[in-house]
1. For the range A:85-106, enumerate the residues that are crowded, with 24+ Cβ neighbours inside 10 Å, more than 9 Å from every other protein chain (Cβ to nearest Cβ) and part of a helix (DSSP H, G or I).
2. Here are some residues: B:Ala290, B:Ala297, B:Ala328, B:Ala342. Which one is within 14 Å of another protein chain (Cβ to nearest Cβ), under 23 Å from B:Gly78 (Cβ atoms) and small (Gly, Ala, Ser)?
3. Which members of the range A:257-279 meet the condition of being over 21 Å from A:Ala165 (Cβ atoms), in contact with a Pro (Cβ under 9 Å, 6 or more places away or on another chain) and crowded, with 24+ Cβ neighbours inside 10 Å?
4. Return the residues of the range A:204-247 that are surrounded by 24 or more Cβ atoms within 10 Å (Cβ to Cβ) and within 13 Å of another protein chain (Cβ to nearest Cβ); say none if nothing qualifies.
5. Read through the list (1) buried (at least 21 other Cβ atoms within 10 Å of the Cβ); (2) within 17 Å of the chain's Cα centre (by Cα), then give the number of the only condition that B:Val244 fails.
6. Among (1) surrounded by 20 or more Cβ atoms within 10 Å (Cβ to Cβ); (2) within 30 Å of A:Ile67 (Cβ to Cβ), there is one condition A:Ile310 misses while meeting the rest; what is its number?
7. Being farther than 22 Å from A:Val307 by Cα, touching a Gly at 6+ places or on another chain (Cβ under 8 Å) and among the hydrophobic types (A, V, I, L, M, F, W, C) is the filter here; which residues of the range A:146-179 pass it?
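The values are calculated or read from the model by the stated rules, or taken from the named source; none is laboratory data. Everything numeric here is computed off the predicted structure, so don't read it as measured data. All Cβ positions, glycine included, derive from the backbone under ideal geometry; neighbour counts span all protein chains shown.
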Amino acid sequence: MIKKRRLWGALVLALVLVMAACSSGDDDTTTSAATAGGTTATTSADATTTTGDGGQVSQTGLRFDLIFHDKDASGTFWGVMKVGFDDACDVYGVSCNMIGDPDITKQAALVDTSIANEVDGIILTLPNVDALRDAIQRAADAGIPVVTINSGSDVFATTAAIGHAGQDEFIAGQGAGARLVALGATNILCPIHEPNNAALQARCDGVEAGADGAPVKRLQIDVANLDAAFETLKTEVSDESIDAVITLNPDVSIRARDAIAEAGSSAMLATFDLGEEVLNSIEAGTIVFAVDQQQYLQGHLPVIALVLNIANGHVIGGGNAILTGPGFVDATNVAQVKEGVAAQTR
Amino acid sequence: MAENASTGVDDRLIKAGILKKVLTRPEFGSIIGAIAVFAFFSAATENFFSVKAISAYLNPAATLGIMSVAVALLMIGGEFDLSSGALIGGLGITMALLTANAGLPVWLAMLLSLALAVSVGLFNGIMVVKTKLPSFIVTLGTFFIIQGAGLGFARLISGQTTIYLSDEFANSDLAKLFFASTPFSGVRIPVYFWFAITALATYLLLRTRYGNWIFSVGGNAASARAVGVPVSRVKIMLFINVSVSAWLVAMFNTFRFESAQIGTGVGSEFEFIIAAVIGGTLLTGGYGSAIGASIGALIFEMVRQGLAFARWEADWFKLFLGVMLLLAALLNAWVRTRAQRAMS
C-alpha cells in the first residue's frame, strides 16, 4: 500500500512540475519558475502566478488575449498568425495568450473568461458577428479595448470593437476569380473546408462575381479530416469539365494538388493563403497563384493598435478595416515570399 | 443489490449511518475532485477566486450540465447518445430556417423544433429498442444524419451556414427573458435551469418508481423485464429526454446569440459523456447520479476556463486539460474505493 501511495504521490508531483515548467513561457524567468516550483504543488502554482504577473511583462506590463475560432494554432495559417502575435508582444513587452475553440458558444465563453480575468486588451476573430457582439460590448463596458481580426471586415463596425485587421473576403475572391478566368478557367470548383465560417462562403461568392460568368461549384469538405477531403477532391476533379480549382486553405491546397495529379486531371489550381509547400508548388508550376492575406499582420497589427490605444488613445483605421490582403503570389514573386515563409512571417 | 441477496441476510433492512450514506454516493468522489480543482486554480491564478470569475465558468457549465444530467440518466439506463451534441446545432438551424426563411412566428418555430427534437429522441429510442443494435452505432448514424441534414437544408434554403436572427427575434422579448436573460451578477438564466433540472433528476432517480426503473433497466434489462418494468418504454423516454434537453440548450444558444450556426455542438457529445463519468456514472449502466453529472460538468468547465485564466501557453492547453481531467477522475475513483472500503 505504502509503495503504491508513494507512486501516486510521485506521479501527481511530476505532473504538477511538468505543468509549472511548461507554463512559465519562453522568457528568461523560465528557470526561476521551474526551480521555485520544485517543492510542493502549492508553491509551484504560486510561482506560476508570479511569472504570469511579473516575469513575462517587462515594458508595458499589459496582458492581451487573442481568441480565435479553431481548436489550436497547429495549422499553417494560425501558426503564422501566432508568430506575428508573439513577435509584436515581444517588441512591446506584452504578456500574450492565444487560445481558441471552433464552437461559437465556447469561443464566447472564452471571451467572458478574459473579461473576468481583467486582461488589458482582447483580439478576437469574428466568424459570427451577432453571437460575439454582446461579448465585445461587455468587454468595452469593462474598459477592455477589443480589436477584431481575420473574417468580419465588413461587419466589425457594428460592434464595440475599436478596429479590425483582416482581408475583405469578397474583394479578395473577386480578384482571384478574375485572375483564374484570365488564365483560361471556364468551370471552377471552390471547396469550402469549414461549414460554419461565413468568410469562406464570401470568398467563393467573390470568385463567382469575379469569374465573369464562369460557373463556380461549391464543395463541402472538412479541414479536420484532410484524408477524406483528398478522396472527395479526387472524385470531383475526375470530372473533366472542371478546369480550375481554388482552395481556401493552404493545407487543403496540397491535398487538392495531389488529388489533381492522381486523378490525371489537367485542372489548374489556385489557393487562398500561403504555406511553404504552396510556394514550392508555385515554383514547380502545380499551383498557378496564391492569394495572400498576410495573417502575420493579423496577429501583429492588433497588438500595436491596442498598445497605442491604451497608451495614447490612438485609433487606427478610422472606423474602417485595416486590410492585410489580398496580395497575390505567383511565379514572378515567389522567391522573395519564400524567405518569409521559412521564417514563419508569411 | 445482487451481493446483498447472495449473502442470504436481508441487509436492506439494516439502517445505514448518514456518514456511510454520503461517502458511498456515486458523486462523492467528484465533489472532492471539484473542490480540488477549485482550490488549485484559486491558488494558481489571480482572478479565478472572484465573484466575476464564477459566472465565467458557471455559464458554460450550465449548458454542459443540463446535457450531462440527461445523458447520465440515459447511461444509467444502459444506453449512449452520440447525436446529442449535433442535435443542439441542428435544432438551432431548424429555428433559423423556420423563422428567417419560412417566415413562421417564433413561438411556432419553437414548438416545431421541439417536435423535431422529440421525434429524433423517439427515432433513436425505437431504433435501439427494436433493432437491438448498440446505441453507440444507432446514434452515430443520427449524429451524421443531423449534421448532413442541417448543412444541406441550410445551404439549400438560405444559402448560408450562419443565419442571423436579430430581426426575427426583435419582438420576442418574452422568449429572450425566459432563455437569454442575465437576472443576477453575470450569472445567466441557464444556470438556474441547470440547478432545477439537477434537483428534479435527482428526485426522480432516488425517490420515484421511475428512478428505480432506470437503474434496473441499465443494471440488468432481462431481470427488469421479468419483474414487470417496461424496459423499452423507459429507454425510449430517456432518449427523448436527452433530445428535449438538447432543444432547451439550442433555445438558450439561439436566443442568446440571435443566430444559428452550422457545427454548433458537434464534438460536445463526448463532453456530456465525460462529465457524467467524472460524476460517477458507469459506462456499463445501472449506476450513477444526476448531481454527479452536474459536478462533472462543473469540473470540466472549471478546468477549461481555469486554464484560460492561468494564461499558460495555449499550445499545451489540451495536454493540461487531459491531465487535469485524468487527475480529477483518478481522485474521484480513489476516494470512492477508499470510502466504500472504509465503510464496509
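1. Scanning the range A:85-106 gives A:Phe85, A:Cys89.
2. B:Ala297
3. Within the range A:257-279, A:Thr271, A:Val278 qualify.
4. Within the range A:204-247, A:Cys204, A:Ile221 meet the criteria.
5. (1)
6. If we test A:Ile310 against (1) surrounded by 20 or more Cβ atoms within 10 Å (Cβ to Cβ); (2) within 30 Å of A:Ile67 (Cβ to Cβ), just (1) comes out false.
7. A:Phe170, A:Ile171, A:Ala172, A:Ala176, A:Ala178 - these are the residues of the range A:146-179 that are farther than 22 Å from A:Val307 by Cα, touching a Gly at 6+ places or on another chain (Cβ under 8 Å) and among the hydrophobic types (A, V, I, L, M, F, W, C).
Conditions tested, residue by residue: (1) at pLDDT below 95; (2) aliphatic (A, V, I, L, M); (3) touching a Phe, Trp or Tyr at 6+ places or on another chain (Cβ under 6 Å); (4) under 20 Å from B:Arg233 (Cβ atoms).
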{"position": "B:Glu79", "(1), (2), (3), (4)": "no, no, no, yes"}
{"position": "B:Thr94", "(1), (2), (3), (4)": "no, no, no, no"}
{"position": "B:Met110", "(1), (2), (3), (4)": "no, yes, no, no"}
{"position": "B:Ser113", "(1), (2), (3), (4)": "no, no, no, no"}
{"position": "B:Leu116", "(1), (2), (3), (4)": "no, yes, no, no"}
{"position": "B:Met127", "(1), (2), (3), (4)": "no, yes, no, yes"}
{"position": "B:Leu140", "(1), (2), (3), (4)": "no, yes, no, no"}
